Amino acid sequence: MRSKIIMAVAIVAIVAGLFGLFFPKQNVQPVAATPEEKAPVFFKTYVLAQDTVKKGQQVKRTDFGIVKISEEEANSFGFDSDMLFEFESGSVYARDIGQGEHIFADNLVQPSQDNYIDFIIKPDHVPFAIEVSPSSIVGGVIGNGSYIDILALTGQDSSSNELGNFRREQVSINPVLTHIKVLKVEQPKAELALNNDQIKPSYLILELNRKQVAVLTVAKTISKIEVHKAVGHYSVNELQANAGDVLPDFKAIKELRAEKIAVN
């Protein structure tokens, strides 16, 4: 009996040895976590989609195309976000730009900037400011880059009742300067206008040569200046009128004798 037990133990030991021999314990190595690939980052920017533009040329929204550039390229320009921006109406280019070049905010000069007029005025011309009614500007009738006609209204002063009829016959309006470019419109800030009951004047900065400056200076002194937006092509004669055009039956003849007026 004892020998059978010893035999059974020996067989178990042999089987265990053979199992360890043919099926050795394998060391399980931890699997290193694979780092996740970082998704590439892109930023939006404007490029010039049209032909080359020149310094001082007016900016149009249709000039721009939108492209995506890599984070690395954006960083080379000093940006870490989208490079899209808004600009004021009447803005101009600060330098020549070729088709396909990137456009940034500092490539434009906007009307609110102090050096704006220097970029848009013609050689041998000077900026000249005239005061206008805010109603001429509100609603976009006249804006940056508009063209205007300047008219002189004379004979409108009827402070003397005795000479009232005579003065009415002398009322006339005539063109002083035509097709003049408005470089810039300067209006009082909205918050100032709301806080003050008095209407603040608005100004038009005009592009004039030296002779036009002299003519307009005289016109402002001897007459009331009227400003109208220039639209289309027309004869200068169409800008002239007098009392007879408004009151065709007003044809009384006046005879001046010393300090007395006789009406026949």
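The values are calculated or read from the model by the stated rules, or taken from the named source; none is laboratory data. What you see is a predicted model; the values in this text were computed from it and never measured. All Cβ positions, even for glycine, are placed from backbone atoms using ideal geometry, and neighbour counts span all protein chains on display. These area figures cover heavy atoms from the full protein model, side chains too; ligands, DNA and RNA do not enter into them. Shrake-Rupley method; radii C 1.70, N 1.55, O 1.52, S 1.80 Å.
Quick notes on this one:
- Projected label distance in nm at PHE64 and ILE222, using a 7 Å step from Cα toward the beta-carbon: 5.0 nm
- 5 angstrom amide H check on VAL176, placed H, neighbours 5+ away: ILE150, LEU151, ALA152
- Distance (nanometres) between label positions extended 7 Å along Cα→Cβ at GLU88 and ASN115: 1.6 nm
- Counting protein heavy atoms only, region 37-105 has 49 percent of its accessible area on carbon and sulfur, 1.4 angstrom probe.
- For HIS179 and PHE79, the FRET efficiency from 1/(1 + (r/R0)^6), where r spans their Cβ atoms and R0 equals 35 Å, is about 0.25.
- Shown are SER235, SER91, whose ranking by accessible area with a 1.4 Å probe and every protein chain present, most to least, is SER235, SER91.
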